[in-house]
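Accompanying notes for the structure given below.
The values are calculated or read from the model by the stated rules, or taken from the named source; none is laboratory data. This one's a predicted model, so the numbers in the text were calculated from it and none came from an experiment. Cβ atoms come from the backbone with ideal geometry, glycine included; neighbour counts cover every protein chain shown. When the accessible area is computed, the model is the full protein with side chains, heavy atoms only, and any ligands, DNA or RNA have been set aside. Shrake-Rupley method; radii C 1.70, N 1.55, O 1.52, S 1.80 Å.
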Amino acid sequence: MDFKQARFNMIEQQIRPWNVLNQKVLDLLELIKRENFVSTGLEKLAFTDCDLPIRVNGTDTGEAMFSPKMEARILQELELTSQEKVLEIGTGTGYMAALMAQQCAHVTTVELNPAIAELARNNLNKNNIARVKVLEGCGFSLAPTLGQFDVIVLSGATPIMPTSLLEAVNPLGRLMAVVGKAPAMQLVLARKSRDGQLITTPLFETMTKVLINAPKADEFVF
């Protein structure tokens, strides 16, 4: 398979038409080889417009990678800077962390499934990705113990915006998540003002699996 041509087609036929026009993001999609992060045996599907299952040693974990256009759009909307620290909840194969690490100071990524966490570590190491630390555990529980971050990204859905995570976001920081219940989910970018107020911006409708341990609507009162 001609991966170079397939990557070019993905960018021109999927990514650009989905309003991803930031050249730095497009360059990253060329730099970080997605086929190196998909599960073994799925390399030829790395550039298809769909979520891909995450398999460890041939066994389906029940988890999936975002589609390429979803990953690219998230990266563009985050507008990461070189001084920022990022927390990702839901590591998956490590691809999203690898992309973000090229634009920020450091990524801490938390994965609940130990087998997937080890897969991500191996992928990141094999691709010489620096400035990423993979932790095992529940990101929602660990976040308050990990310090402050400029950006928190959920690589999965949550029924409501997780207010407990906002305490770990620095003033003027951002939290991005797919929020809602099927079939009404939206990618939402929440910005934290200097005085701690939250400004939320719905970006677009989408659908993805809800993260394990994500907060439920009846657990919080706004």
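The accessible-area ordering, largest first, of the residues Arg7, Arg121 stands as Arg121, Arg7, per a 1.4 angstrom probe. Averaged per residue, the chain has 47 square angstrom of accessible surface, using a 1.4 angstrom probe with ligands and nucleic acids left out. The residues neighbouring Asp60, those whose beta-carbon lies less than 15 Å from its own, together hold a net charge of 0 under the Lys/Arg +1, Asp/Glu -1 convention. Taking the accessible area of the chain, probe 1.4 Å, and keeping the other protein chains in place, the carbon and sulfur fraction comes to 51%.
Taking amide H positions as modeled 1.01 Å from N, with prolines and chain starts lacking one, the residues under 5 Å from Thr206 and 5 or more places away or on another chain are Met185, Gln186, Leu187. Kirkwood's formula applied to the C-alpha pairs of the stretch 137-222 gives a hydrodynamic radius of 13.0 angstrom.
Using the average count of surrounding beta-carbon atoms within 10 Å as a protection proxy, the listed peptides 24-30, 141-147 rank, highest first, as 24-30, 141-147. The H on the amide N of Val153, modeled in the peptide plane, is under 5 Å from the matching H of Leu87, Glu88, Ile89, Met176, each at least 5 residues off or on a different chain.
Pair-distance distribution P(r) for the stretch 5-139, from all Cα-Cα distances in 5 Å bins starting at 0: 2, 11, 22, 24, 22, 14, 5, 1 percent.
For the stretch 134-146, 3J(HN,Hα) computed residue by residue from phi via the Karplus equation (6.51, -1.76, 1.60; θ = phi - 60°) reads 9, 10, 9, x, 8, x, 5, 7, 6, 3, x, 9, 9 Hz, glycine and proline entered as x. Close amide H contacts of Val132 (hydrogens built in the peptide plane, cut-off under 5 Å, sequence separation of 5 or more or a different chain): Val107.
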